[in-house]
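See below for the structure under consideration.
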Amino acid sequence: MWWGKPSRPSAARLRQLYVEEERSLREIGTQFKVSASTVTRWLEEAGIPRRGAGGRSDAPDADELRCLYV
């Protein structure tokens, strides 16, 4: 069994997974065999802002709401 340090993705790869593909911390952690808290640290170190609780959002933005309700 291998007990070495897990491979760490580049900042660009983290951004792709977390921001563009909207993967969860748990999903990314599973892919790289680390905890969600490790992924959180990686995001912080890469300067990638965290999403709010609930994460993925299909909610309309301000402009879309304005068009719908004003």
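So which residues in the range 8-29 are touching a residue at least 24 places away in the same chain (Cβ under 8 Å) and either exposed (fewer than 14 other Cβ atoms within 10 Å of the Cβ) or part of a helix (DSSP H, G or I) (or both), if there are any at all?
Scanning the range 8-29 gives Ala11, Leu14, Arg15, Tyr18, Val19, Glu22.
Within the range 30-39, restricting attention to residues that are part of a helix (DSSP H, G or I) and not hydrophobic (A, V, I, L, M, F, W, C), which residue is least open to solvent (accessible area, probe 1.4 Å)?
Residues of the range 30-39 that are part of a helix (DSSP H, G or I), as a first pass: 30-32, 36-39.
Okay, now just the ones that are also not hydrophobic (A, V, I, L, M, F, W, C), so 30-31, 37-38.
Numbers: Thr30: 99, Gln31: 78, Ser37: 83, Thr38: 27 Å².
Per the criteria, the residue is Thr38.
Of the conditions (1) at pLDDT 95 or above; (2) aromatic (Phe, Trp, Tyr); (3) assigned to a loop (DSSP other than H, G, I, E, B), Trp42 fails just one. Which one is it?
Here Trp42 clears every test but (3).
The values are calculated or read from the model by the stated rules, or taken from the named source; none is laboratory data. This structure is a prediction, so every number in the text was calculated from the model and none was measured. All Cβ positions, even for glycine, are placed from backbone atoms using ideal geometry, and neighbour counts span all protein chains on display. Calculation scope for accessible area: heavy atoms of the full protein, side chains included, ligands and nucleic acids excluded. Shrake-Rupley method; radii C 1.70, N 1.55, O 1.52, S 1.80 Å.
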